[in-house]
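Everything below concerns the one structure shown next.
The values are calculated or read from the model by the stated rules, or taken from the named source; none is laboratory data. Because the structure is predicted, anything quoted here is derived from the model rather than measured. Reconstructed Cβ throughout: ideal geometry from the backbone, glycine too, with neighbour counts over all protein chains shown. Please note that ligands, DNA and RNA were not included when accessible areas were found on the heavy atoms of the full protein model with its side chains. Shrake-Rupley method; radii C 1.70, N 1.55, O 1.52, S 1.80 Å.
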Amino acid sequence: MSPSFPLLRLPGVVLSDVFKSLDIEEKFKLSLCSKRISTQINNARLYSQNVIVDLCGLYQKIEVSSENNKDTFYILNFYECGARNNPDIHQYRIEERTVPVFSSGIGITLFWKNLREGFLFVLRYLLKIFQCKFSIKNICNTYLFENTISELLDLQLEFKKLSICFNLLKNQHLLWNQVSNKLGLVEDLEILSGSGFRPVFTSWPQEISITGSDWFTLEYLLECTCTTISLGGSLLENKDLDETLRKWKTGGFPNLKCLKINSQSIETTGTTILGMRLLELSGKVIQTDDGSKKATIDIGNGRIEMYVTSF
Amino acid sequence: MTSPASSSEVKYLIESSEGNTFDVSGAALRQSNTFNAMFLNIGADGPIPFTDYNEATLKKVFEYCEHSVNEENYSGPKHQDDLSKWDLNFFNEMDQKMFIDVINASNFLDIERLTSYCCERIARMLRGKNTQEMIKVITLPTAEELEAKQKVEEKKAAAAKKVAEKAAETAEKTETLEELPVQQLVQTTRNKLTRKYLSFSNE
């Protein structure tokens, strides 16, 4: 059979199957071939792979990986300076703009006159090809994406992982005001706040991890609906843990699967928890009063961990 | 039309776009979800009309179905490297036109295994290639070629417009001097030139 093939003569359903057979980088490259191809890929988006788009460095590096992490490719954004004269660089259409593109072993490099604008065009383009969840894994990158985070949440886009370091932000209140009521869109929220800023929660992500959580009070903990709660540098005491575990036993924290608290105020000689001294709890399996769930407790120095399993 | 043998030997008559009929076993036909949905329970009194597809295509599709009757149940797409020698021969002996016809028929008949193998085969043509190479495979003009083509067209249109304007100018000068029949002649010429210009612009 001829090495060329009139792809667009195939029915949409078949095309969608062909797209599914390609890996995510091949699909991205194919989408650049023509507007009609990218429209077809866009039409098949709902049947496409789910991808995680990790924003690695300020506008310049985007890591796109399949949800099972089997497949990864990078999109690199650079300023356009003489890019059009390089014979290895070809022009393709991205979001109605003609963009010089260079493919290499390390990824796909795009050249833009305005890097920030180009970066946003790439994100929009990716959203048309794949079902995307975003991710900012490196907590040091928060300040780079201060505006982008709220823009993406405003578009109701989901975050697989969102790391926020309040210490690095110029306007902590502004970002938190924009983010705090959209935490339902965030799967895993990681917070570092050691600068005196106290975030107020109006909604909860699925998982939360707070480093420097001295401001995260018992009241917050009792309200928290996350499946995983991890608190580092906490000030919670034995009596707070007692109240927390009693609430869980009576049916509270219905989503909870894992609770980890590191606190200097957790003391072996302190108040009893569920009627037991702290060390007595170590390795204990406790049950909810209705018997529907059990949890294993692990105790360490200034640390308590609880892992829940259903019967 | 079915023969009254045991269920595994039941034969159905299939009618192609040429009006020709041929036999296909019930076991092979049952790989088509379209057939299952339309005829399996109610049966067919006469030939089953798959008249959007020609005989050669339908025979090729059902050749595949007959072959895979005894294979294990389909469990999702297979990698091309896992295809048997028979499968590879089956695909290799098709020319491109037949391959496209087979995909279309398989898609209509909803034969998952065959459609999936066909898609995998197309994906393989694109695998490991960059965009420029993909454009060549899927026979599309490149952005540069499109840009060059557009420039040529713009040039053509501009040149045609110039000619038309000049002709119209000349015709206007003549118009004032000539008698009515000549004016009509000029008008005809102008109309012709305008049409020519428009046809250039639309090319």
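Points worth noting:
- Count - residues of the stretch B:90-129 that are facing another protein chain (nearest Cβ under 9 Å), among the aromatic types (Phe, Trp, Tyr) and open to solvent by less than 10 Å² (accessible area, probe 1.4 Å): 2
- Boolean, A:Pro205 is at pLDDT below 90, within 21 Å of A:Leu169 (Cα to Cα) and in contact with a helix residue (DSSP H, G or I) (Cβ under 6 Å, 6 or more places away or on another chain): no
- Residue in the stretch A:157-168 that is over 18 Å from A:Glu25 (Cα atoms), open to solvent by less than 40 Å² (accessible area, probe 1.4 Å) and touching a residue at least 60 places away in the same chain (Cβ under 8 Å) present: no
- Of the residues in the stretch A:241-254, at least one is in a loop (DSSP other than H, G, I, E, B), out of contact with any Lys or Arg (no Cβ under 6 Å at 6 or more places or on another chain) and under 23 Å from A:Leu162 (Cβ atoms).
- Verdict on A:Leu221 being surrounded by 20 or more Cβ atoms within 10 Å (Cβ to Cβ) and not aromatic (Phe, Trp, Tyr): yes
- Strands (runs of 3 or more DSSP E) within the stretch A:117-198 that include 3 or more residues more than 26 Å from A:Ser48 (Cβ to Cβ): A:159-165, A:186-192
- Residue in the stretch A:70-121 that is nearest to A:Phe145 (Cα to Cα), counting only those that are of a type in the set (Lys, Arg) and away from chain B (no Cβ under 13 Å): A:Arg116
- Filter result for A:Arg277 (surrounded by fewer than 17 Cβ atoms within 10 Å (Cβ to Cβ), more than 17 Å from A:Phe216 (Cβ to Cβ) and modelled with pLDDT of 95 or more): no
- Taken together, the residues in the stretch B:86-126 that are outside any helix (DSSP H, G or I) and in contact with a helix residue (DSSP H, G or I) (Cβ under 8 Å, 6 or more places away or on another chain) amount to 3.
- Within the stretch A:280-306, the residues that satisfy the criterion of being open to solvent by less than 70 Å² (accessible area, probe 1.4 Å), assigned to a loop (DSSP other than H, G, I, E, B) and touching a Ser or Thr at 6+ places or on another chain (Cβ under 8 Å) are A:Gly283, A:Thr288, A:Ser292, A:Gly302.
- Residues located in the stretch A:43-59, provided they are modelled with pLDDT under 80, open to solvent by 30 Å² or more (accessible area, probe 1.4 Å) and in contact with a Leu (Cβ under 9 Å, 6 or more places away or on another chain): A:Leu58, A:Tyr59
- Filter pass, A:Ser38 being within 20 Å of A:Ile94 (Cβ to Cβ), open to solvent by less than 60 Å² (accessible area, probe 1.4 Å) and either within 8 Å of another protein chain (Cβ to nearest Cβ) or among the hydroxyl-bearing types (Ser, Thr, Tyr) (or both): yes
- If you check A:Ile191, A:Ile261 for being modelled with pLDDT under 95, closer than 26 Å to A:Ile164 by Cβ and of a type in the set (A, V, I, L, M), only one passes: A:Ile191.
- Restricting the stretch A:105-116 to residues that are outside any strand (DSSP E or B) and either at pLDDT 90 or above or charged (D, E, K, R) (or both) leaves a set whose member that is surrounded by the most Cβ atoms within 10 Å (Cβ to Cβ) is A:Arg116.
- Enumeration of residues in the stretch A:253-271 that are under 29 Å from the mean Cα position of the chain (by Cα) and either in contact (Cβ under 8 Å) with a residue 60 or more places away in the chain or surrounded by fewer than 17 Cβ atoms within 10 Å (Cβ to Cβ) (or both): A:Pro254, A:Asn255, A:Cys258
Okay, residues lined up against (1) touching a His at 6+ places or on another chain (Cβ under 9 Å); (2) assigned to a helix (DSSP H, G or I); (3) within 14 Å of another protein chain (Cβ to nearest Cβ); (4) modelled with pLDDT under 75:
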{"position": "B:Glu144", "(1), (2), (3), (4)": "yes, yes, yes, yes"}
{"position": "B:Gln150", "(1), (2), (3), (4)": "no, yes, yes, yes"}
{"position": "B:Ala158", "(1), (2), (3), (4)": "no, yes, no, no"}
{"position": "B:Val163", "(1), (2), (3), (4)": "no, yes, no, yes"}
{"position": "B:Ala167", "(1), (2), (3), (4)": "no, yes, no, yes"}
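- For the stretch A:1-26, filtered to residues that are among the charged types (D, E, K, R) and at the interface with another protein chain (Cβ under 9 Å from one of its Cβ atoms), the residue that is nearest to B:Lys97 (Cα to Cα) is A:Arg9.
- Single residue of A:Gly232, A:Gly212 found to be modelled with pLDDT of 90 or more and not aromatic (Phe, Trp, Tyr): A:Gly232
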